[in-house]
Ligand SMILES: NC(=O)c1ccc[n+]([C@@H]2O[C@H](COP(=O)([O-])OP(=O)(O)OC[C@H]3O[C@@H](n4cnc5c(N)ncnc54)[C@H](OP(=O)(O)O)[C@@H]3O)[C@@H](O)[C@H]2O)c1
């Protein structure tokens, strides 16, 4: 199982404004949707799920969605499963016979995976914005990951995608 962190970010490492809104380009959404269609499943935090559930899954090809939450979840929703830990999320993706999974935020869930060194690869779509404040890609901590650069490609006129492997 390859675990991929895939996020859109400002040039200074914010993934959303303080009010949770994001200004990402159609080209970025298209690049993200293309990757989701290849991988087939995504892992997201409960807050991101609440933001995406009304229409955004359609936009990315209706992947299998694994949501991380600390609450007991009684709802049954087609194509969505609720779990409590990153390990449980990865186990479900494996049981579904996916060979890759994508962690798509937000900051809290990224930190859970990062602290346990669970990322194998990182894709960042860097959008042409600087935010003075907002939701950070990585929460402040003592974390250090060493990466090797795999590819950089332009997305549309104003953005680029950078792909790293995480050295272990
Ligand atoms: N730029 C991008 O590509 C991108 C992508 C996705 C999201 N975002 C942004 O990210 C922001 C949301 O990020 P966020 O950090 O606020 O929320 P999040 O990571 O999406 O979800 C947080 C939720 O995870 C659950 N959780 C927290 N700690 C946990 C633990 N130790 N174990 C299990 N579950 C735990 C809790 O759910 P319960 O409360 O249900 O227990 C918590 O409310 C939004 O602004 C969104 O727009 C940006």
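Annotations
- Which numbered condition residue 24 misses (of (1) part of a loop (DSSP other than H, G, I, E, B); (2) out of contact with any strand residue (DSSP E or B) (no Cβ under 6 Å at 6 or more places or on another chain); (3) within 8 Å of the ligand (Cβ to nearest atom)): (2)
- Only one of the numbered conditions (1) in a loop (DSSP other than H, G, I, E, B); (2) more than 24 Å from residue 8 (Cα to Cα); (3) in contact (Cβ under 8 Å) with a residue 40 or more places away in the chain is not met by residue 73, and that is (3).
- Scanning region 11-18 finds one or more residues that are over 24 Å from residue 147 (Cβ atoms) and modelled with pLDDT of 95 or more.
- Taking the listed residues 3, 48, the one that is touching a helix residue (DSSP H, G or I) at 6+ places or on another chain (Cβ under 8 Å), assigned to a strand (DSSP E or B) and modelled with pLDDT of 95 or more is 3, with no other qualifying.
- The one condition in (1) over 13 Å from the mean Cα position of the chain (by Cα); (2) under 26 Å from residue 128 (Cβ atoms); (3) within 12 Å of the ligand (Cβ to nearest atom) that residue 38 fails to fulfil: (3)
- Restricting region 76-91 to residues that are farther than 21 Å from residue 122 by Cα and touching a residue at least 12 places away in the same chain (Cβ under 8 Å), the residue that is nearest to the ligand (Cβ to nearest atom): 84
- Any hit, region 67-79, residues being surrounded by 18 or more Cβ atoms within 10 Å (Cβ to Cβ), within 30 Å of residue 157 (Cβ to Cβ) and in contact with a helix residue (DSSP H, G or I) (Cβ under 8 Å, 6 or more places away or on another chain): no
- Matching residues in region 88-100 - criterion: being assigned to a helix (DSSP H, G or I) and surrounded by fewer than 13 Cβ atoms within 10 Å (Cβ to Cβ): 94, 95
- Selection status of residue 49, within 8 Å of the ligand (Cβ to nearest atom), within 16 Å of residue 126 (Cα to Cα) and under 14 Å from the mean Cα position of the chain (by Cα): no
- Per the conditions (1) within 14 Å of the chain's Cα centre (by Cα); (2) farther than 21 Å from residue 92 by Cβ; (3) in contact (Cβ under 8 Å) with a residue 60 or more places away in the chain, the sole criterion not satisfied by residue 33 is (3).
- Scoring residue 15 on the criteria (1) more than 10 Å from the ligand (Cβ to nearest atom); (2) not in a helix (DSSP H, G or I) leaves a single failure, condition (1).
The values are calculated or read from the model by the stated rules, or taken from the named source; none is laboratory data. Small disclaimer: the values here were computed from a predicted structure and weren't measured. Backbone-built Cβ (ideal geometry, glycine too); neighbour counts: all protein chains shown.
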